[in-house]
Structures are given as C-alpha cells and as structure tokens.
1. What number of residues in segment 44-63 are among the small types (Gly, Ala, Ser), part of a helix (DSSP H, G or I) and either open to solvent by less than 40 Å² (accessible area, probe 1.4 Å) or within 14 Å of Glu77 (Cβ to Cβ) (or both)?
2. Go through the residues of segment 65-80 one by one and say whether even a single one is in contact with an Asp or Glu (Cβ under 8 Å, 6 or more places away or on another chain) and part of a helix (DSSP H, G or I).
3. Consider Leu349 against the criteria (1) in a helix (DSSP H, G or I); (2) in contact with a Pro (Cβ under 9 Å, 6 or more places away or on another chain); (3) open to solvent by less than 10 Å² (accessible area, probe 1.4 Å): it satisfies all of them except one. Which criterion is unmet?
4. Among what's in segment 352-375 and is over 22 Å from the mean Cα position of the chain (by Cα) and part of a loop (DSSP other than H, G, I, E, B), pick the residue that is surrounded by the most Cβ atoms within 10 Å (Cβ to Cβ).
5. Please count how many residues of segment 212-231 are within 15 Å of the ligand (Cβ to nearest atom) and either charged (D, E, K, R) or assigned to a loop (DSSP other than H, G, I, E, B) (or both).
6. In segment 198-224, what count of residues is obtained for those that are touching a helix residue (DSSP H, G or I) at 6+ places or on another chain (Cβ under 7 Å) and open to solvent by 20 Å² or more (accessible area, probe 1.4 Å)?
7. If I ask for residues that are modelled with pLDDT under 95 and closer than 30 Å to Pro200 by Cβ, which ones from segment 141-189 would you list?
8. Would you confirm, using the coordinates I've provided, whether Leu346 is within 27 Å of Gly37 (Cβ to Cβ) and not charged (D, E, K, R)?
Amino acid sequence: MLRPGVIGKDGRTTAIIRSLRESPRVSDVIELSAWKGQSTDEARRQVIDRASAERPDFVVVGPEEPLAAGIVDDLAEIGIPSVGPTRKLAQLEASKSLTRDLLRKHSIPGNPRHRIFRSFSPEIALWLRELSEFVIKPDGLTGGKGVRVSGDHLRTVDDGLNYCRELLDARRPIVVEERLEGEEFSLQSLSDGRTLVHMPAVQDHKRALEGDRGPNTGGMGSYSCADHGLPFLTSEQIKEAQTINERVAEAIREDAKTPYRGVLYGGFMATRDGVRLIEYNARFGDPEALNVLPLLENDFASLCEAIVHGSLDRTTVKFRPLASVCKYLVPDGYPHSPVKGEAIELSELLRREADHLRVYKAAVEERDGKTFMTGSRAVAVVGLAPTLDEAFTIAESAASLVTGRVEFRHDIGSRSLVQRRIDHMRAVLESRSELVP
Ligand code: AMP
C-alpha cells in the first residue's frame, strides 16, 4: 500500500488529497504542512522533520510557494521524490523573464512581443509608446497581483513608466509586453520530464464580480467541457497549446539536464494571430484542478508514481467525457476586505454530496462542529454532468445551499457567459480578416 504526502491547505490541495484517498492502493495520506502562517524556513523544517519521520512514498506539492522555496530539492536530499519541479525548474513560474527567454531561445512559438528590463532607461518609454497597449509584469511570485495592464490599471504611458520605475527601484526585473486581445484558457499537462499527458482545457474566471468586473482574485470558478475542448476554441488551437507545453518540457530537459516532474500549467490566450502564452505555473491551478481531477479515470496515486519514476509513456490516461463547473464561495468583501471568522452552514450541501456534486473546503477552519471562514476563497462546489448546462445547474443550486456571509458568481458556466466568449472570439478573429487586404 502507498502512503503519499501532500503540502498545502487550499481547495486544490483538498482535491489532490481526495483523489489520492480514492485510490485503492493508498492506505493513508500524510498532510505534511499547510505552508501558511510560518516563515519559509520554519515551513521547510516542518516538512523535512515530518517527512523524515513518516517516510511518505512520494509528495504532491499543491501551491507554488513551497516549489519556489526548493522543497522538492529538500525532499530529494532525504530520498523522497515529489510531484513538483525542483527550485530551479519552478523558476518557470517564479520568473516571467526567464520563461520568455526560454521560448525565444528555443524558437518555441507563443511569446507576445516583449522586452525585458533590469534597470531604468529611456528605452522603456520608447517601448511603451511603440506598443501603445502594454502589460507590465514584475519577476517573482506575485499571487496574480503584480501584473498591470494598460487601459485597465494603467491609463497612460506615464502611468506605465511610473510603475516600471517603482518595480525597478525595488530591484525587480520587468517584462513589458504587448497587450493581447482574445480569450484565455488553461492547459495543464502532467509531465515526467519526457512524456506529457494533457488534461482537459479549462477556462477560469479571475474577476470578483459577474460579467468579469471588479478586482482580480485567485479565481472565482471555472468550467470544462465533455469533449475536453472549450466552446470558443478549435481543436487546432488546443493542439497549438499542447505543442507549446511539450516543447517547453523538452527545452527544459535540454537546458537544465533535469526532468521536469509535476504539472506544467500553461495560461494561454487564443488571439487573432494564434495561441499566445500568458504565463506558466509549476503546479495545478486552483480552481482548474477541481475541474479535472474528478474526471480522471486512472488511479491518481499510480499516475503520481509514473510521474516520479518517469514511466508516463507506459501509462494510458483517460478522463471521463463529462463537463464540469466549479464555483468558489467567498466571504463578503473578498478580495480586498473580506469578512473573517464568520460561520457558514454547509450541512445541507454536504448531505447532497455525490459523484456528480463535489465539495472542496479551502480557506475555512472547523471548530466545535462548525465551519468558519478565514478570509480567502472558502469552499468550492463542482458539478459534473454530460452537458455544460447540466453541470452549471448542479453547481449553481449546490452553491445556493450554503448560508452565511458568502458570495459567488452566478454567471460562471452559464449559457449566456459561454456565448459571450464565443462571440468575443469570433469578433477577435474577424478583426484579423479586416486587416487582410
Ligand atoms: P499573469 O500573472 O501573467 O497570469 O497575468 C495576470 C492576468 O493579466 C492574466 O490572467 C491576463 O488576464 C492578464 N495578462 C497578462 N499578460 C497579458 C497580455 N500580454 N495581454 C493581455 N492580458 C494579459
């Protein structure tokens, strides 16, 4: 029997734990660390102490911070393999400039027009003017909050210049790139370093409010379709993204001479000029993991073994042909001023939990049989069904069962929102034909 370990405490890690526990080969899942509320050094020590005592067969790392801190290297030193890249390879997420450089060096398509700056120079103003519509990204993990987009957060070239100066004064290299127009999607691939297994494509919704308004969040919810594509994408566009992930894994192996073992999660945008890479993440998406892990037909623990042993080429991986809709319930006021310590009532929801309705606890604490929100995304519900409409209805009515000071986006997975995506993609592609004489 297997005894895997996990690191993290969020909806994604809850989904990882659930998938591991569903395996008939798993006797016990060891929760090594929440990786929260401590210094990085303390968290590392806690993981290593517990892992040395418990000797898990392998460790699955949920969030990005432990990867960037090098927890996979620490575990390897005591002979424990991980589903997650080493510190060096996790730079793919932690450093946006390095990722842009990697694609350029290996002539992998997908980079927007971009330039990297390490110190302030007059060229920055020229570049911002040349781009006219631009995006400024600091290097390093920013929890999705460091990226600023012209027309959205930045009104003028001067606003852009000020933000560049602020970041460079803090000694952070920056990527300044063209602002792309299109539809975003996530493609997560499992990688053992040589073979990639692509998971169904997912569309996440980062904005707090319905109609994609309001501030950016960790992700309010997401959906995937029964055919594992998305209604606004062609199979060629999905293939383009898959090829980019494959070529990136190959490029990493060539450059670093170490296999990338874990999840390679590309954030892509389908544009009028083809599929472009927005960013890489070095772990499962949260919420995207909640959409795709319940669809996996394989035993997840055996799949993790294949990732750490480099034998994915001998594994046939299947996903159920179902659509999924995930909705996060968040505290009132999230993300800027969320209520904290408020109780929510989940009993009716939990009573209805079934294979087609999954509930994942995230930023909550349980005391005296009650559930209290801690300030971030609290609980996710996932509906699974043969059609997107049915999955939407399941998730929507499930989310409505939760009482307390919570909010959620009613529109995620709805027919009207999906139609807006399709119409937007069509308009983006038509703008291309207007350019062709
Ligand atoms: P990131 O942290 O790189 O995922 O960026 C956060 C968000 O900024 C993305 O989800 C996009 O919505 C937006 N974004 C990033 N890069 C671009 C770009 N080149 N063009 C348009 N939007 C972008």
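1. Matching residues across segment 44-63 total 2.
2. Looking for residues that are in contact with an Asp or Glu (Cβ under 8 Å, 6 or more places away or on another chain) and part of a helix (DSSP H, G or I), one finds at least one in segment 65-80, hence yes.
3. Looking at each condition in turn, Leu349 falls short on (2).
4. So, considering only residues that are over 22 Å from the mean Cα position of the chain (by Cα) and part of a loop (DSSP other than H, G, I, E, B), the one surrounded by the most Cβ atoms within 10 Å (Cβ to Cβ) is His356.
5. Of the residues in segment 212-231, 2 are within 15 Å of the ligand (Cβ to nearest atom) and either charged (D, E, K, R) or assigned to a loop (DSSP other than H, G, I, E, B) (or both).
6. Counting residues in segment 198-224 that are touching a helix residue (DSSP H, G or I) at 6+ places or on another chain (Cβ under 7 Å) and open to solvent by 20 Å² or more (accessible area, probe 1.4 Å) gives 2.
7. Leu141, Thr142, Gly143, Gly144, Lys145, Gly146, Val147, Val149, Asp152
8. Against the criterion (within 27 Å of Gly37 (Cβ to Cβ) and not charged (D, E, K, R)), Leu346 qualifies.
The values are calculated or read from the model by the stated rules, or taken from the named source; none is laboratory data. Bear in mind that the values here come from a model prediction, so they are computed numbers and not experimental data. Positions of Cβ are backbone-derived with ideal geometry, glycine not excepted, and every protein chain shown enters the neighbour counts. The protein model used for the area step is the full one, side chains on, heavy atoms only, and it has no ligands, DNA or RNA in it. Shrake-Rupley method; radii C 1.70, N 1.55, O 1.52, S 1.80 Å.
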